[in-house]
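A short write-up of the structure that comes next.
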Amino acid sequence: MMKKLLTFTALLLALSSCQDFLNIEPQDQISKDEALNTLEGIDAAIIGAYSSLGVSDYYRQHFTAYPELAGNMQPNPAAAGSDGVAGNQSAIITTYREGNFFTISPGYENNSFDEFYAVLYNHLNRVNNIIAALETLETDQQTRRNSLRGEALALRAIAHFDLLRLYAQPYLFTEDGSHPGVVLAERPFEVTERPARRTVAEGYTLIESDLLRAVELLGPNTRRTTDRIWLTPLIARGLLARAYAYQGNWAGVVEQTTAVINAGQVTLLNPDDYVDTWAEQQFNPEVLWYLDLQRFRNADAGSAGLIASIARVVGAPSDVENPPFCTVTQDLLDRLEEGDIRRELYQEIEGQVYCSKYALQPNSISNFPMLRLSEIYLLRAEAYAKLGQDALAQADYNLIHQRAVADAIPTTLTGTELQEEIFEERRRELALEGHLLFDLKRTGRSVERDNCLPANPNCDLAYPDYRFALPIPQSALNANPNLIQNQGY
């Protein structure tokens, strides 16, 4: 693992290009040696850390796609057998097939999901170098320094949260979260260090601490541009609410989601605009935080290339000769009742169904919604239901469901039936946005699929099962004798 971690020198070298991510004026007067010795240099380093979220092995493609293979999408037979895809994309085809089949091994032979480990720890090393530099930096701009530290802490929390979602069993797998989690990067690692995995409970304690500090430290005007691509206190609260849901801290979920909703900074998308906003890749007023992916567009405006992204995986294609790697499953479509406007987001093209939330067009990429107000309402509905406050849970559920199904009768479900319906609504509303497998495992639900490819040996996967967590890559185990593999691998 340590051989793959980004070194301090590599971080400095990367700063020279990270300004392309922003479309703001370059700071050529700052030398690489000064990069983490000034607030301007640290600001550039933070921008670079944001950009690392958007690499293809993280949120731009693989990390978003992986959990959706548990039931919302599956490998596309048309892509696997088409000219120019199976030949030069064999690793991608293998990756999505093994993710869908739950047949991933620690060696990750010809499988790209092993890159999660290196990418996330590279990201952690970047932000920890920034945090360390801020602790010793002398400046009279304390508010700005605090805000930069808040951004770095939130970015650190995101990576630890995602590592736990990938490589550990869910928090409630044991009563107190004492089962193996991941290596926690609370500071820059020394080259000779070989840290061991910590417990899941310790991981969530660090995530909570980092996000609470981010809420305190992030300035009220943290955005460098008017785009919603920068972390704010409200976004940190939304991320904290999500983490609390994974822990079963329902009172904490209610507190944080209510703060986001009451702030009134974003509004739910109007039902009349819902389909067009997604299908035409328009700005969505209910997105609290977008991941800026525009920098990944090909510099050649005339290029016919398809950019690696979630659209490349399952987006509605403009050219049927180069289909996406996966298709939308009937399991998802069957959950969308007649009259549900969200059904219009799924297009059948030459016998396969794709998702028009993401348009697959040459030299095109859309910013990815990292956090939406719809999720905030559904998190609060889930929390109220878990706390036995059914009327409040029904109100939040109805707000989202009746937007999608105009003539839907308000739900009167209570107890476990209400909890199940809220889970189903979350699956319908947040489909193909990177949640399904993680939601199944955190709630102790099994993978149950009716629509599987004939070759799939694990169409259903009963919870609990070791395959709800990915194996630690063998390369990381070889590099660090203090790591232990997940049971079952």
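The values are calculated or read from the model by the stated rules, or taken from the named source; none is laboratory data. The model shown is predicted, which means the values in this text are computed figures rather than measured ones. Methodologically, a virtual Cβ is constructed for each residue, glycine included, from the backbone with ideal geometry; neighbour enumeration extends over all protein chains shown. We work out accessible area using only protein heavy atoms, side chains counted, and drop any ligands, DNA or RNA first. Shrake-Rupley method; radii C 1.70, N 1.55, O 1.52, S 1.80 Å.
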Inset, instruction - Name the helices (complete DSSP H segments) of the chain with a Cα length along the long axis of 24 Å or more and a Kyte-Doolittle mean of at least 0.0, or state none. - result: 115-136, 200-217
Legend entry - Relative packing of 232-239, 197-204, 281-288, which averages over residues the other C-beta atoms within 10 Å, highest first: 232-239, 197-204, 281-288
Inset, instruction - Provide the gained length on full extension for the span Ile409 to Leu453, in nm with one decimal, where the gain is 0.36 nm per separating residue minus the Cα-Cα distance. - result: 12.3 nm
Legend entry - Length gained when the stretch Ala251-Asn270 is fully extended (0.36 nm per residue, less Cα-Cα span): 3.9 nm
Legend entry - Mean Cβ count within 10 Å, highest first, over the residues of peptides 156-166, 421-431: 156-166, 421-431
Legend entry - Burial order of peptide ranges 445-458, 168-181, 309-322 (average beta-carbon count within 10 Å, highest first): 309-322, 168-181, 445-458
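Normalised by the number of residues in the chain, what is the relative contact order in percent for Cα pairs under 8 Å and 6+ residues apart?
Computed over the chain, the figure is 20 percent.
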Legend entry - Solvent-accessible area per residue, Å², over the chain with all protein chains present [probe radius 1.4 Å]: 39 Å²
Legend entry - Theoretical ellipticity at 222 nm over the chain - DSSP helices of four or more residues, -39500 (n - 2.57) apiece, nearest 500: -13000 deg cm²/dmol
Inset, instruction - Describe numerically, in nm with one decimal, the distance between label points set 7 Å from Cα along Cα→Cβ at Phe283 and at Thr143. - result: 2.5 nm
Inset, instruction - Heavy atoms only, probe 1.4 Å: what % of the accessible area of region 215-315 goes to carbon and sulfur, would you let me know? - result: 45 percent
Legend entry - Extension gain, Ala479 back to Ala462 (0.36 nm per residue minus Cα-Cα distance, nm): 2.8 nm
